[in-house]
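Q: Take a look at this one; I'll ask things after.
The values are calculated or read from the model by the stated rules, or taken from the named source; none is laboratory data. Only a predicted model underlies this, so the values are computations on that prediction, with no experimental measurement involved. With ideal geometry, Cβ positions are generated from the backbone for all residues, glycine too; neighbour counts draw on all protein chains shown. These accessible areas exclude ligands, DNA and RNA; they are computed on the full protein's heavy atoms, side chains included. Shrake-Rupley method; radii C 1.70, N 1.55, O 1.52, S 1.80 Å.
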Amino acid sequence: MLGYVTGAVAAGAAVFVGMHTMVPWSQLYGENFSGLREGLKVLALTYDDGPNDPWTMNLLEVLDRRQVQATFFMLGERVKARPEIARAVSEAGHAIGNHSYRHPNLIFASDARLRQELEETSKAIEEATGERPFLFRPPFGGRRPGTFRVVEELKMFPVMWRVTCFDWSAKSHEEILKHARRQIAGGEVVLLHDGGHERMGEDRSHTVTATDELIREYQERGYLFTTVPEMMQMREGVAIPFARRPE
């Protein structure tokens, strides 16, 4: 009987630990940022897997028209392929973060592979924009014990999210909006995609339309849209050791 109980406890612990490798807001495997306290009328829109031609540029047009700045977590190989798009994102005043070079699941990546992915991506972003990124988001949100330690050693800070819009599989912009509305309570980092990790040119037209509608709707409700670095500055007790402070 004791052996059964011990086995059950061990199995439960394994499930608990394993689950937290993918839970976006979990702090079990290291400090990360996913937003402010619930209820604050502030949102940070973030976009993964770009630059993506033509949808990143279409998204920039929407953000410019709505006078909103966002945060883009870019893949190194896409930046190398389209440095002019990365440059346009930076010149428009948006924040850029590191999202790895080829989008591996870091749960299964060695420290050496992780370092290579991050260093190559940071180099590509710096060559394209003139600035080295200090934000990092793991592909799929996956991490293991030690992942964020390596990130910190490379002078970056992990950023996750609290609102998942499932735009990578959505059949319409309205579907994306339904997911967003269901989860937004205020103060969240919102996960969206301007690209797809499997190929350049992934159709993100629904995301572009949903972004336009989401901003309009929540601005009318009195919400402020901001970049992740600006949102981090709003949270007491969160230091950004590698960032340039806003003037």
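Q: If Tyr101 passes every condition in (1) crowded, with 20+ Cβ neighbours inside 10 Å; (2) over 16 Å from the mean Cα position of the chain (by Cα); (3) part of a loop (DSSP other than H, G, I, E, B) but one, which one does it miss?
A: (2)
Q: Something else now. Could you say which residue among Gly141, Gly130 is on the phi > 0 side of the Ramachandran plot and under 12 Å from the mean Cα position of the chain (by Cα)? Reasoning before the result, please.
A: On the way: Gly130 fails: under 12 Å from the mean Cα position of the chain (by Cα).
The unique qualifying residue is Gly141.
Q: With the condition kept exactly as written, say whether any residue in segment 59-66 is touching a helix residue (DSSP H, G or I) at 6+ places or on another chain (Cβ under 9 Å), among the hydrophobic types (A, V, I, L, M, F, W, C), open to solvent by 50 Å² or more (accessible area, probe 1.4 Å) and more than 13 Å from Thr129 (Cα to Cα).
A: Going through segment 59-66, the residues touching a helix residue (DSSP H, G or I) at 6+ places or on another chain (Cβ under 9 Å) turn out to be 59-63, 65-66.
Applying the additional criterion that residues be among the hydrophobic types (A, V, I, L, M, F, W, C) yields 59-60, 62-63.
Going one step further and asking which of them are open to solvent by 50 Å² or more (accessible area, probe 1.4 Å), we end up with none.
Checking segment 59-66: not a single residue is touching a helix residue (DSSP H, G or I) at 6+ places or on another chain (Cβ under 9 Å), among the hydrophobic types (A, V, I, L, M, F, W, C), open to solvent by 50 Å² or more (accessible area, probe 1.4 Å) and more than 13 Å from Thr129 (Cα to Cα).
Q: Just checking, how many residues over segment 61-98 are farther than 23 Å from Pro24 by Cβ, assigned to a loop (DSSP other than H, G, I, E, B) and among the hydrophobic types (A, V, I, L, M, F, W, C)?
A: Matching residues across segment 61-98 total 1.
Q: Continuing with this model, one more query. Can you name the number of the only condition in (1) closer than 30 Å to Glu217 by Cα; (2) within 13 Å of the chain's Cα centre (by Cα); (3) surrounded by fewer than 24 Cβ atoms within 10 Å (Cβ to Cβ) that Phe73 fails?
A: Evaluating Phe73 over (1) closer than 30 Å to Glu217 by Cα; (2) within 13 Å of the chain's Cα centre (by Cα); (3) surrounded by fewer than 24 Cβ atoms within 10 Å (Cβ to Cβ) leaves (3) as the failure.
Q: Return a yes/no flag: does segment 177-195 have any residue that is at negative phi, open to solvent by less than 60 Å² (accessible area, probe 1.4 Å), in contact with a Ser or Thr (Cβ under 8 Å, 6 or more places away or on another chain) and assigned to a loop (DSSP other than H, G, I, E, B). First the steps, then the outcome.
A: At the first step, the residues of segment 177-195 found to be at negative phi are 177-185, 188-195.
Keeping just the survivors that are open to solvent by less than 60 Å² (accessible area, probe 1.4 Å) gives 177, 179-180, 183-185, 188-195.
From the residues that got through so far, the ones that are in contact with a Ser or Thr (Cβ under 8 Å, 6 or more places away or on another chain) too are 179, 183, 188-195.
Those left that are additionally assigned to a loop (DSSP other than H, G, I, E, B): 194-195.
Yes, the conditions are met somewhere in segment 177-195.
Q: Do the conditions hold for Ala81, that is, is it over 17 Å from the mean Cα position of the chain (by Cα), more than 21 Å from Glu198 (Cβ to Cβ) and modelled with pLDDT of 95 or more? Quick ask: steps written out before the conclusion?
A: Numbers: over 17 Å from the mean Cα position of the chain (by Cα): yes; more than 21 Å from Glu198 (Cβ to Cβ): no; modelled with pLDDT of 95 or more: yes.
Criteria not met by Ala81.
Q: When you go through Ala124, Ala92, Ala170 one by one, which is the residue that is among the aliphatic types (A, V, I, L, M), surrounded by fewer than 20 Cβ atoms within 10 Å (Cβ to Cβ) and over 24 Å from Met231 (Cβ atoms)? Lay out the reasoning, then the answer.
A: Details: Ala124 fails: surrounded by fewer than 20 Cβ atoms within 10 Å (Cβ to Cβ); Ala92 fails: over 24 Å from Met231 (Cβ atoms).
The conditions single out Ala170.
Q: Those residues that are among the β-branched types (Val, Ile, Thr) and buried (at least 21 other Cβ atoms within 10 Å of the Cβ), I need them from segment 104-121; list them, please. Break it down into steps so the answer makes sense when it comes.
A: Of all residues in segment 104-121, those among the β-branched types (Val, Ile, Thr) come to 107, 121.
Within segment 104-121, just Thr121 meets the criteria.
Q: Looking at (1) touching a residue at least 60 places away in the same chain (Cβ under 8 Å); (2) assigned to a helix (DSSP H, G or I); (3) in contact with a Leu (Cβ under 9 Å, 6 or more places away or on another chain), find the lone condition where Arg144 falls short.
A: Going through the list (1) touching a residue at least 60 places away in the same chain (Cβ under 8 Å); (2) assigned to a helix (DSSP H, G or I); (3) in contact with a Leu (Cβ under 9 Å, 6 or more places away or on another chain), Arg144 breaks only (2).
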